[in-house]
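What follows is one structure encoded as structure tokens, with my remarks underneath.
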Amino acid sequence: MNTGQIVCGIIFLALAIGAFVISFFQFKEKGYLFNNAYVWASEAERKKMDENKETKRPYYCQSGFVFMFIGISLLIFAVYIITNWTWTYIAFGVLLIIAVVYAIVSSIKIEKHK
């Protein structure tokens, strides 16, 4: 293992920790809502969502899970960079599939409850 691998691994580990912190705050419904439904909403829609906290709750939950998946995948990638274990590719692929399926299913469920 050389210095470049260690530095790269530490960078990805720091990014993973950042994603976990954002995920924690999204689950607690604190801070900015990092969700496309909120980011791309018009001013009137945002104001309506801000007035009624219950409408934002599923979006916070969805964003929390997505950032958790991002954090886990960055952590797996940091482990791969540092150790060169090939099984991490399989774990990363499975996690990626789970994240995509979750994002699609949760978006459909949120739209049905509107």
>> Could you compute how much accessible surface L13 exposes when probed at 1.4 Å, giving the result in Å² to the nearest 10?
In response: 70 Å²
> Between T3 and A103, what FRET efficiency follows from the Cβ-Cβ distance if R0 is 30 Å, with the result rounded to 0.05?
Replying inline: 0.25
> Using Cα-only point scatterers and the Debye equation, what is log10 of I(q)/I(0) for the chain at each q in 0.20 Å⁻¹, rounded to two decimals?
Replying inline: -1.03
>> Tell me whether the range 58-114 comes out rounded, prolate or oblate; compute the Cα gyration tensor, take square roots of the eigenvalues as a ≥ b ≥ c, and use a/c under 1.5 as the rounded threshold.
In response: oblate
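Express the carbon and sulfur contribution to the solvent-accessible surface of the chain as a percent, rounded to the nearest whole number, probe 1.4 angstrom. Walk me through the numbers on the way to the answer.
Details: 5600 of 7770 Å².
Answer for the chain is 72 percent, counting heavy atoms of protein chains only.
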> Which order do Y102, Y38 take when ranked by solvent-accessible area (1.4 Å probe, heavy atoms of all protein chains), largest first?
Replying inline: Y102, Y38
> Contour minus end-to-end for K28 and E45, with contour as 0.36 nm per residue of separation and end-to-end as the Cα-Cα distance?
Replying inline: 3.9 nm
>> Can you compute 3J(HN,Hα) from phi for each residue in the range 84-99, using the Karplus curve 6.51 cos²θ - 1.76 cosθ + 1.60 with θ = phi - 60°, rounded to whole Hz and x for Gly and Pro?
In response: 6, 6, 6, 5, 5, 4, 5, 4, 5, x, 5, 4, 4, 5, 4, 5
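The values are calculated or read from the model by the stated rules, or taken from the named source; none is laboratory data. Small disclaimer: the values here were computed from a predicted structure and weren't measured. Note that we place each Cβ from the backbone using ideal geometry, even for glycine, and neighbour counts take in every protein chain shown. These area figures cover heavy atoms from the full protein model, side chains too; ligands, DNA and RNA do not enter into them. Shrake-Rupley method; radii C 1.70, N 1.55, O 1.52, S 1.80 Å.
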